[in-house]
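Below: one structure, written as structure tokens.
Read the figures in this text as sums done on the coordinates, not as results from a lab. Model, not experiment: these values are computed from the prediction. Here Cβ is always computed from backbone atoms with ideal geometry, including for glycine, and neighbour counts include all displayed protein chains.
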Ligand SMILES: Cc1cc2nc3c(=O)[nH]c(=O)nc-3n(C[C@H](O)[C@H](O)[C@H](O)COP(=O)(O)OP(=O)(O)OC[C@H]3O[C@@H](n4cnc5c(N)ncnc54)[C@H](O)[C@@H]3O)c2cc1C
Ligand code: SF4
Ligand code: SF4
């Protein structure tokens, strides 16, 4: 496993909240930045959407603002397997 | 050390740079003539409406580019000298390349009626254009929008939200007639009217007149004269082909590339809006003007330039956009023929949207939510979804995977049950059994 993926999996483990994570479908994203602009705590959601990675940030409130504002239906909440691992 | 030169700082160019950078020793040079570099072009629509500030449209900051270790040369590429492997950059001399990517995009077709050169006539291609439109909108009171497709509506909505009274001219008898069906066109037109937009059908703009450089009126072919102080247009786009033409690269409506995104010169690749790509779905080479495919093509081209061998498989095109405030998903093949308001292809458009084969259609509407399916023998070929978007992802997945819908096909076509319900039930079943879901 590339070291980068390994680190990512590690950080996932302790940040997944009970409401799940914000997960992007990159192919739909046009990098407009509306998600980032509207995140109340300033998480750069657009960056995750470009990378095709779940929003892994311990400060994420899972408030859903980014999901609601995205004009392209890129973002959704997902209960991740990693979360299940943590709960066990 | 291999030197990679990328012409164009749009999404295709940036994606290529990312793909090449996997090789830490590669020397990457990006050449671009847009003073604003890389930004979200589709995001310009939200800048016009005021939902976004200009500074938020930049996905990468200087640190990101530094991390990518690309050298940026601001300038216009004038010509490619294939024999000597050089590009001539205006004001910056000759630049040697080992591998070259042409990712210079497409540009708006110019309005060519008398008066089109007046101050107060605008197109929407770039950040500079958007700035100019906002500047002009401050003083404008009555605007006329000419053209079709998504960009024309973005102009209409941008101007409406800046409190400019807008008249929208359409050549034919409805909006976007080769992608939308009549019912869908009417939904959009109805919403525009509610926003206070005046629509004039069968309107052929003949001449813009003005005094001291300022617009005063626009004359129509039927003799009518419309008072206005601003004209904005979106009548189609055209790949920027000058470089390829001068270098005698193979081209048609765009630069022709093989599945590895290579031109007929093995050291020159093309990607994004400028490239014309083989489409297995229609068996033809087609143009797209879509952000997602441009990014993917740039990425694949970058991989192949730096030694990879990856085929770019043109996916079923889809676009999610807002038409008159209504979120709309367009997937696959949904229309046919030509749109009188657009020459060639428009922004956010794909030629595949219009390659309608013999297929049956089925529709359902409730309030402003609307769904149209194009049903083939065994699969769904395309869909238009307006309003509620809960079916957007399921449709995208099922159409891309060519899901076998034989079991629900009769029910869909019979039209007795709401097709959305039939589809959702099918989707819930299908996603459990198909890994592509
Ligand atoms: C208003 C608008 C709305 C859109 N809406 C949508 C949408 O809803 N959905 C969607 O999927 N897509 C949409 N698009 C299309 C999408 O933005 C394009 O498909 C995408 O930007 C193409 O990327 P590209 O890298 O191929 O070209 P571009 O983004 O056009 O970049 C090309 C770059 O090359 C530069 N350049 C050109 N010639 C030269 C030269 N000779 N030398 C140096 N530099 C040069 C240009 O300045 C430009 O910066 C929209 C576009 C616009 C303008
Ligand atoms: S709002 Fe949606 S389309 Fe825009 S950058 Fe964010 S995820 Fe991408
Ligand atoms: S869910 Fe809320 S806090 Fe988390 S990234 Fe989205 S907008 Fe920001």
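Overview of values
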| item | result |
| --- | --- |
| Cα gyration tensor shape of the protein assembly as shown, rounded if a/c is under 1.5, else prolate or oblate by comparing a/b with b/c | rounded |
| Spatial separation of Cα centroids for the stretch B:20-78 and the stretch B:253-267, in angstrom | 24 |
| For peptides B:105-112, A:69-76, B:58-65, sequence by mean Cβ density within 10 Å, most packed first | A:69-76, B:105-112, B:58-65 |
| Relative contact order (%) - criterion: Cα under 8 Å, at least six apart; region: chain B | 15 |
| Centre separation in Å (Cα based) which lies between the stretch B:406-432 and the stretch B:301-339 | 25 |
| Zone residues, the stretch B:386-410, relative to residue B:428, backbone N less than 15 Å from point 7 Å out along Cα-to-Cβ | B:391, B:394 |
| All-pairs alpha carbon distance profile, the stretch B:110-235, 5 Å steps from 0, percent | 2, 11, 23, 25, 21, 12, 5, 1, 0 |
| Structure-based [θ]222 nm, chain B - -39500 (n - 2.57) summed over DSSP H runs of at least 4, per residue, nearest 500 | -7500 deg cm²/dmol |
| Likely footprinting exposure, B:94, B:373, fewest C-beta neighbours within 10 Å first | B:94, B:373 |
| Additional length obtainable on full extension of the chain from residue B:1 to residue B:413, 0.36 nm per residue less Cα span | 142.3 nm |
| Extension reserve of the residue B:436-residue B:129 stretch, reckoned as 0.36 nm per residue once the Cα distance is removed | 106.4 nm |
| Simple spin-label estimate for residue B:161 and residue B:390 in nanometres, 7 Å along Cα-Cβ | 2.7 |
| Global geometry of the stretch B:318-433, whether rounded, prolate or oblate, following the gyration tensor of its Cα atoms and the 1.5 cut on a/c | prolate |
| Cβ-derived FRET efficiency at R0 25 Å, residue B:259 paired with residue B:27, nearest 0.05 | 0.40 |
| Neighbouring partner chain Cβ atoms per residue of B:51-63, average, 10 Å criterion | 3 |
| Residue of B:293, B:317, B:280 that the Gaussian network model of chain B assigns the largest fluctuation, springs spanning Cα pairs under 10 Å | B:280 |
| In nm, spacing of pseudo-spin labels at residue B:49 and residue B:207 (7 Å Cα→C-beta vector) | 3.8 |
| Average beta-carbon neighbours from other chains, 10 Å sphere, peptide A:21-31 | 6 |
| Prolate/oblate/rounded label for chain B (Cα gyration tensor, a/c 1.5) | oblate |
| Directionally averaged shadow of the stretch B:247-318, computed from the convex hull of its alpha-carbon atoms, nm² | 4.5 |
| Cβ neighbours within 10 Å from other chains - mean over B:289-296 | 3 |
| Cβ-Cβ FRET estimate between residue B:360 and residue B:193, R0 fixed at 45 Å, reported to 0.05 | 0.90 |
